[in-house]
Amino acid sequence: MSVKLGKLIYTGKAKDVYETDNPQQVIVKFRDDITAGDGAKKDNLQLKGYYNSIISSKLFEVVEAAGVKTQYIELLEPGNMLSHKLDMIPLEVIVRNIAAGSLVRRFPFEEGQTFEQPLIQMDYKSDEYKDPMLNDDIAIALGIATAEELQEIREISIQINRALIDFLESKGIMLPDFKIEFGYDSEKNIVLGDEISPDTCRYWDMETKDVLDKDLFRKGESGVVDAYQKVASMILEEEDKEKWGID
Ligand code: TMP
Ligand code: ASP
């Protein structure tokens with residue numbers, strides 16, 4: 001790896017961010033730690049970070065190709081992603097195509113019901129306040145973003161959703177929902193950051209309907225990393241699979 005890990009500047013529940021020699025660039029390190037329920041359930045699953053970094057890199061490339069600005073520069077090696085430095089916006093933007101998870105626990109939707117238009121939900125990213133759901137007025141009053149920025153985030157999220165659905169369905173994967181995060185780059189553009197991985201998305205095998213994401217861990221089932229490897233195997237080109245030793 002030619003880029004050196006500098007000072008640790010941020011540590012989250014599953015990733016760390018390090019400085020590099022270039023003040024505009026950071027290295028995002030994907031760890032094997034996995035949590036659920038705001039950290040109530042914890043484990044360390046070998047190779048989880050390896051697969052998540054590879055899957056995220058591929059999906060960042062997919063959304064970049066659709067014209068969305070992302071933090072992604074290059075996967076230096078599995079686990080270490082060279083990225084543009086962003087000033088993160090404390091929002092968890094959740095895009096839902098099919099009802100699942102907290103949506104069916106909190107509202108009278110049927111699990112598996114398909115929405116004609118994707119639902120965009122914005123939660124306040126705050127462990128202290130337990131990521132509560134926001135509306136635009138609350139987000140604006142908290143100073144998280146302006147009305148125009150919220151609208152832009154919504155439009156970019158819909159564009160990302162379209163690009164991900166088209167790509168993943170072509171690989172045999174359904175995308176019921178996912179969570180993304182944005183930040184500002186040095187020119188104040190709104191840029192997609194964080195990750196797009198089985199930790200942050202629901203992926204269902206279109207044929208078998210098998211769950212291929214973190215819901216396995218949330219429900220205490222086994223085979224979490226095997227499912228993540230399966231996602232990598234389904235979405236990568238042969239050349240990348242060979243490069244990273246994935247069959
Ligand atoms: P939910 O159904 O639990 O609200 O999750 C919706 C989507 O957001 C799902 O794909 C998982 C993802 N997600 C995260 O990435 N981080 C979180 O903290 C939560 C609660 C969900
Ligand atoms: N990301 C949250 C946690 O780490 C919750 C979840 O994904 O279920 O606890």
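Read-outs throughout are calculated quantities, based only on the coordinates presented, and are distinct from any laboratory measurement. For clarity, every value in this text was computed on a predicted model and none was experimentally measured. Methodologically, a virtual Cβ is constructed for each residue, glycine included, from the backbone with ideal geometry; neighbour enumeration extends over all protein chains shown.
Listed here are the residues, each with its yes/no results for (1) within 18 Å of the chain's Cα centre (by Cα); (2) within 16 Å of ligand 2 (Cβ to nearest atom); (3) in a loop (DSSP other than H, G, I, E, B); (4) surrounded by fewer than 24 Cβ atoms within 10 Å (Cβ to Cβ).
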site	(1), (2), (3), (4)
Glu195	yes, yes, yes, no
Asp199	yes, yes, yes, no
Tyr203	yes, yes, no, no
Leu216	yes, yes, no, yes
Ser222	no, no, yes, yes
Gln229	yes, no, no, yes
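Screening Ser56 against (1) within 11 Å of ligand 1 (Cβ to nearest atom); (2) under 25 Å from Val225 (Cβ atoms); (3) not in a strand (DSSP E or B); (4) not aliphatic (A, V, I, L, M) leaves a single unmet condition, (1).
What about Glu19, is it free of Cβ contacts under 8 Å to residues at least 24 places away in the same chain, more than 21 Å from Ile235 (Cβ to Cβ) and either of a type in the set (Asp, Glu) or surrounded by 13 or more Cβ atoms within 10 Å (Cβ to Cβ) (or both)? So Glu19 fits the description; yes. Considering Glu148, Glu110, Glu187, Glu207, the condition of being of a type outside the set (A, V, I, L, M), in a helix (DSSP H, G or I) and surrounded by fewer than 21 Cβ atoms within 10 Å (Cβ to Cβ) is satisfied by Glu148 alone.
Within the range 128-181, work out how many residues are within 15 Å of Leu192 (Cβ to Cβ) and among the small types (Gly, Ala, Ser). Here the count works out to 3.
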